[in-house]
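The values are calculated or read from the model by the stated rules, or taken from the named source; none is laboratory data. Values in this document were obtained by computation on a predicted structure and should not be read as measured data. Here the Cβ positions follow ideal geometry from the backbone for every residue, glycine too, while neighbour counts run over all protein chains shown.
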Amino acid sequence: MSRTQNEIKSSSQTMHDHFSIIASKYQSVRTLDTEHILHIKHRLDEKTNINMADIGCGDGRYSLEFLKTFDDSFYIHCVDYNENMLKSLDGNFAEQNITNFCTRQGDANRLPLDNKSIDCIVTFNAIHHFDVPKFLSESLRSLKSDGRIFIYTRLRNQNARSVWGKHFPLFTELENRLYELDELKSHIHNADMNIHSTKTFEYSRTSSLDRLIHQAQNKHYSTFDLYDEKTFDESLDIFQQNIKNNFDDLEKIQWTDENILIEIKN
């Protein structure tokens, strides 16, 4: 069933409020993986003077990894719709004397980028917040003739196999924004673009129950903002019991997270 415009606007406002609140503590509650950054670097090895755009960059944690990985000829446009996230990014980069970047407040569905100006567009764990056909159309407009797009995300089935999907009540039911690979392939095909490669990344995780509770209470995934307060509290209680029932060592809870990286060539 398609959502009404009022429902879409309400969801968009909820997410804006979520990221505004979490901006100052985002890095402390989220896990930073870098394997896909190195993979993208390898895929771009033949290019020089790369002009990149990170769409839905948040507080810039992945943008920063690119800046550490490439030389000074590299430049990155950090694009996000949330002003608090961009302020956090600006402050963090200024402290490290980083200058080969800019922040651009804007919507993924109407990118604040010049025509045919970008070598590479990346987006990490954000595609489920976008209108995908509009994002792809805008990316096509912004990319140079030999440009590339890298989409890094969790698929619905990957999300369901996480510690949250398995043990936190309603997590997979409420998180209905994620895609399956076939759905993304269909959008890419309809945009007259070609998938060059896909790669799945698996990460072995270890955490304490206290840390997991802390992350959920601080809503490290925007999914948790889809709960009302009463349902969240009840679900968190059940989650704690589910963990206790399924893991012997509550200081070393282990599971595997999965993500997929889709490379698109213009």
### Task
Could you run through the range 199-241 and say how many residues are outside any helix (DSSP H, G or I), touching a His at 6+ places or on another chain (Cβ under 8 Å) and closer than 15 Å to Arg154 by Cβ?
2
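Hey, any hits in the range 69-79 for a residue that's of a type in the set (A, V, I, L, M) and modelled with pLDDT under 95?
Taking the range 69-79 first, the residues of a type in the set (A, V, I, L, M) are 76, 79.
Now restrict to residues that are modelled with pLDDT under 95: none.
The answer is no; no qualifying residue exists.
From the residues in the range 120-132 that are out of contact with any helix residue (DSSP H, G or I) (no Cβ under 6 Å at 6 or more places or on another chain) and in a helix (DSSP H, G or I), which one is nearest to His196 (Cα to Cα)? Explain how you work it out, then say what you get.
In the first step, residues of the range 120-132 are kept if they are out of contact with any helix residue (DSSP H, G or I) (no Cβ under 6 Å at 6 or more places or on another chain); the result is 120, 122-123, 125-131.
Narrowing further to those that are in a helix (DSSP H, G or I): 127-129.
Numbers: Ile127: 18, His128: 21, His129: 23 Å.
Here the residue is Ile127.
Can you say whether Arg156 is in contact (Cβ under 8 Å) with a residue 60 or more places away in the chain and among the basic types (Lys, Arg), as far as the supplied structure shows?
Numbers: in contact (Cβ under 8 Å) with a residue 60 or more places away in the chain: no; among the basic types (Lys, Arg): yes.
Here the answer is no, as Arg156 does not meet what is asked.
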### Query
For the range 155-197, what are the residues that are under 18 Å from Leu212 (Cβ atoms) and among the β-branched types (Val, Ile, Thr)?
Val163, Thr172
### Task
Please go through the range 34-64 and pick out each residue that is of a type in the set (Asp, Glu) and either on the phi > 0 side of the Ramachandran plot or modelled with pLDDT under 95 (or both).
Asp45, Glu46, Asp59
### Message
Just to be sure I understand the filter: pairs with C-beta atoms under 7 Å, separated by 6 or more residues or on different chains, first member in the range 69-88 and more than 16 Å from Arg110 (Cα to Cα) and in contact (Cβ under 8 Å) with a residue 12 or more places away in the chain, second member among the small types (Gly, Ala, Ser) and outside any loop (DSSP other than H, G, I, E, B). Which pairs pass?
### Response
Ile76/Ser63; Asn84/Ser20; Asn84/Ala23; Met85/Ala23; Ser88/Ala23; Ser88/Ser24
### Message
Exactly one condition in (1) among the aliphatic types (A, V, I, L, M); (2) surrounded by 15 or more Cβ atoms within 10 Å (Cβ to Cβ); (3) more than 25 Å from Lys265 (Cα to Cα) is false for Val122; which is it?
### Response
(3)
### Message
Could you go through the range 112-130 and let me know if any residue there is among the small types (Gly, Ala, Ser) and more than 19 Å from the chain's Cα centre (by Cα).
### Response
yes
### Message
With the structure loaded, tell me whether Phe168 is closer than 19 Å to Glu258 by Cβ, in contact (Cβ under 8 Å) with a residue 40 or more places away in the chain and out of contact with any Cys (no Cβ under 9 Å at 6 or more places or on another chain) or whether it fails that test.
### Response
yes
### Query
Just a yes or no: is a residue in the range 178-187 over 18 Å from the mean Cα position of the chain (by Cα) and hydrophobic (A, V, I, L, M, F, W, C)?
no
